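Before any comments, here is the structure.
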Amino acid sequence: MHVVFTKGPGTSYDIAVHRETGAALAPRNGPGGHPYLPHDLVHLLVEAEAGIGLGVYGRLAAGDNGLFWPADPAERAKANRRRRTKRPQPAPGAKADMARSEELAGIAVPVWEVRNGHTRELPAYVTAGEIPPVIDRIVARLEEYAHRWHALPVGGSLTVTW
């Protein structure tokens, strides 16, 4: 699966997913908020590096639509009907994987910011003694992409393979 992040003005961005399994998905806007590390890119890198298989990206690769809608209007109507008539139950372990992705992202970004001089200290909820070892690998991946993203012009894209 290939995920394309396209830079918008300010900290906004669009995200498109190209996958082999499941309906083709329409691109969507990302939540923005960080000039170096788009939120959805952070989660992709966290989930890939930490081996989180039932987070956002593992489920997308397996055919789940997640936060996206099918690009085909007929498929979108079917997906909308399914969402209204029955609440899809996440696969066993999916809630735990999503929580782990959020937890690791919430630690990795501040650690990256401190290591790169964007802030002086970690937030109170992150204590140095409680940083899991996987954070060093995640921060290295964030470093790999952060400056490339920041240097992109508006309309420029970055593609990451899952």
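The values are calculated or read from the model by the stated rules, or taken from the named source; none is laboratory data. Please read all numbers here as calculations on a predicted model, not as lab measurements. We place every Cβ from the backbone using ideal geometry, glycine too, and count neighbours over all the protein chains shown. Just the protein is used for accessible areas: all its heavy atoms, side chains included, with ligands, DNA and RNA removed. Shrake-Rupley method; radii C 1.70, N 1.55, O 1.52, S 1.80 Å.
A few comments on the model shown:
Yes/no matrix, rows are residues, columns are (1) among the polar types (S, T, N, Q); (2) in contact with a Pro (Cβ under 9 Å, 6 or more places away or on another chain); (3) on the phi < 0 side of the Ramachandran plot; (4) outside any helix (DSSP H, G or I):
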{"residue": "LEU104", "(1), (2), (3), (4)": "no, yes, yes, no"}
{"residue": "VAL111", "(1), (2), (3), (4)": "no, no, yes, no"}
{"residue": "ARG120", "(1), (2), (3), (4)": "no, no, yes, yes"}
{"residue": "PRO123", "(1), (2), (3), (4)": "no, yes, yes, yes"}
{"residue": "PRO132", "(1), (2), (3), (4)": "no, no, yes, yes"}
{"residue": "ILE135", "(1), (2), (3), (4)": "no, no, yes, no"}
{"residue": "ARG141", "(1), (2), (3), (4)": "no, no, yes, no"}
{"residue": "HIS147", "(1), (2), (3), (4)": "no, no, yes, no"}
{"residue": "PRO153", "(1), (2), (3), (4)": "no, no, yes, yes"}
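- Candidate set: the stretch 102-130, residues that are more than 20 Å from ALA48 (Cβ to Cβ) and of a type in the set (A, V, I, L, M); chosen: the one most open to solvent (accessible area, probe 1.4 Å): ALA124
- Tabulated pairs, the stretch 21-45, first farther than 21 Å from ALA71 by Cβ, second open to solvent by 20 Å² or more (accessible area, probe 1.4 Å) and small (Gly, Ala, Ser), C-beta under 8 angstrom, 6+ apart or interchain: GLY32/GLY10; GLY32/SER12; HIS39/GLY33
- A Cβ distance below 6 Å, combined with a sequence gap of six or more or placement on separate chains, defines the contacts here; from the stretch 1-16, residues that are within 16 Å of HIS147 (Cα to Cα) reach residues that are open to solvent by 30 Å² or more (accessible area, probe 1.4 Å) and of a type in the set (Gly, Ala, Ser) in the pairs THR6/SER157; THR11/GLY33.
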